[in-house]
Every structure is written in structure tokens, then in C-alpha cells.
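In what follows, a single structure is set out as C-alpha cells and then discussed.
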Amino acid sequence: MRERRKALADDERERASRIVCERLVCDAAIAGTADRSVGGAIAVYLASPEEIDLSVFIRAMLVRGATVAAPRWNGETYELARLKSLSEGDLRRGPMKILEPACADTVEPQDVAVWIVPGLAFTMDGGRIGYGGGWYDRLLASARKDSIKIGVAHGFQAVDRLQSEPHDVLLDRVVTS
């Protein structure tokens, strides 16, 4: 999957990101959270060059007044931190060279209503293979039970079966391009 994502042309990656973002923006459950009719933050990720870029979705949620959080390295581990904007001054490069919130205002996993989660491969029934660090599985294990967990991916990342581990947290759904 890594090689297949890396081989995508820039225009195909941009098209896939646009499609996924449009689907997320139109999602009623996410809209309720963004419009504050449902309490809680929206947890996102800031994409590496091969991942679905959520910038369009993030900007739309911030304009709606949603609390948006993204992973941030605190010197020992990753935590969720409030994302004020996607402006250069509100971001910094983390140890993996991926952008992250410069702001250290943390958001607890129990305060997240919607999770938008990356990965290498997904099953349409919510299975997910991540990047091997287990960071999302640990966070999602402490997420509130009524939170919505959504994986996002290129269409080819959806597979029929994945080997699951006892610590793997199932997602509620997967949005693909």
C-alpha cells in the first residue's frame, strides 16, 4: 500500500483528497458536531505527502466554529492539540517532519466526538491497519463510546480482509475516493 500510494500522480492525489473532503463536509453527523449541536471536538490528522489531504475539510470545520484537534508531539508521545488554523504561524514540523499544531492546548480523547483517521488499509466494516506505532489504537481505546470513528483512504486502500490484533479498534465507517 505504501508503494501504491507513493506512485500516485499529484493530480490523482489531489482529486482523491477533494472527493473525500467533500464527502466529509456533507456528512450529517460531522455537521452536527461542527455546528455545536453535538458536543465535542473533531480530531483530524495533518497529511504526509502520500495521505489523503484533509485541508479543505479542516478549513470548512474551522469556519463553522468547530473545535478541531490534530496530533502533536509533546517530547514523549503524541497527544491531540487544538488546531487554530492551517496558517504557517499556527503550525510547526514534528519529529516525523509532518505538520502539527504549534499550540500546546491539548484536547483529551474523551472530548472528541468525531475522529478522522488515516491508515494503510481498511475494510469497509471498520478494520484498519495503521503505520505500526499503535498511536491511534491507544487514543481510540480511550475515546468516548458515542464518538464516531471514520477512516479515510484512496479507493484502492479498501480491502476485503485484514488481520486484526486484540488491541485494534474498529472504525464506524470508511470514506474513500
(request) Could you figure out which of (1) surrounded by fewer than 22 Cβ atoms within 10 Å (Cβ to Cβ); (2) free of Cβ contacts under 8 Å to residues at least 60 places away in the same chain isn't true of Ala70? (result) (1)
(request) Test each condition in (1) in contact with a Pro (Cβ under 8 Å, 6 or more places away or on another chain); (2) of a type outside the set (Lys, Arg); (3) outside any loop (DSSP other than H, G, I, E, B); (4) closer than 22 Å to Arg13 by Cα for Trp115 and report the one that comes out false. (result) (1)
(request) Look through region 144-177, keep the residues that are under 14 Å from the mean Cα position of the chain (by Cα) and among the small types (Gly, Ala, Ser), and return whichever of them is surrounded by the fewest Cβ atoms within 10 Å (Cβ to Cβ). (result) Ser147
(request) Determine which member of the set Ile129, Ile116 is at pLDDT below 95 and among the aliphatic types (A, V, I, L, M). (result) Ile129
(request) Give region 36-67 a look and list any residue that's more than 30 Å from Met1 (Cα to Cα), of a type in the set (Val, Ile, Thr) and in contact (Cβ under 8 Å) with a residue 12 or more places away in the chain, or say none. (result) Val38, Thr67
(request) Mind counting the residues in region 91-108 that are outside any loop (DSSP other than H, G, I, E, B) and either farther than 27 Å from Asp27 by Cα or modelled with pLDDT under 95 (or both)? (result) 2
(request) Being surrounded by 19 or more Cβ atoms within 10 Å (Cβ to Cβ), closer than 12 Å to Leu80 by Cβ and among the hydrophobic types (A, V, I, L, M, F, W, C) is the filter here, so list the residues in region 118-143 that pass it. (result) Leu139, Leu140, Ala143
(request) Output the number of residues of region 122-177 satisfying the condition of being farther than 24 Å from Thr33 by Cα and among the hydroxyl-bearing types (Ser, Thr, Tyr). (result) 3
(message) Return the residues of region 144-177 that are assigned to a loop (DSSP other than H, G, I, E, B) and in contact with a strand residue (DSSP E or B) (Cβ under 6 Å, 6 or more places away or on another chain); say none if nothing qualifies.
(response) Ser147, Val159, Leu162, Leu171, Asp172
(request) Would you point out which residue out of Arg93, Arg82 is surrounded by fewer than 19 Cβ atoms within 10 Å (Cβ to Cβ), of a type in the set (D, E, K, R) and under 16 Å from Asp111 (Cβ atoms)? (result) Arg82
(request) Filter region 37-55 down to residues that are in contact with a Ser or Thr (Cβ under 7 Å, 6 or more places away or on another chain) and β-branched (Val, Ile, Thr) and give me whichever is nearest to Ser142 (Cα to Cα). (result) Ile42
(request) State the number of residues belonging to region 97-111 that are without any contact (Cβ under 8 Å) to a residue 12 or more places away in the chain and surrounded by 11 or more Cβ atoms within 10 Å (Cβ to Cβ). (result) 0
(message) Looking at region 60-79 only, could you name the residues that are in contact with a Phe, Trp or Tyr (Cβ under 6 Å, 6 or more places away or on another chain) and more than 14 Å from Asp105 (Cβ to Cβ)?
(response) Tyr78
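The values are calculated or read from the model by the stated rules, or taken from the named source; none is laboratory data. Note that the coordinates shown come from a computational prediction; the quantities given were computed from them, not determined experimentally. No Cβ is skipped: glycine too gets one built from the backbone with ideal geometry, and neighbour counts run over all protein chains shown.
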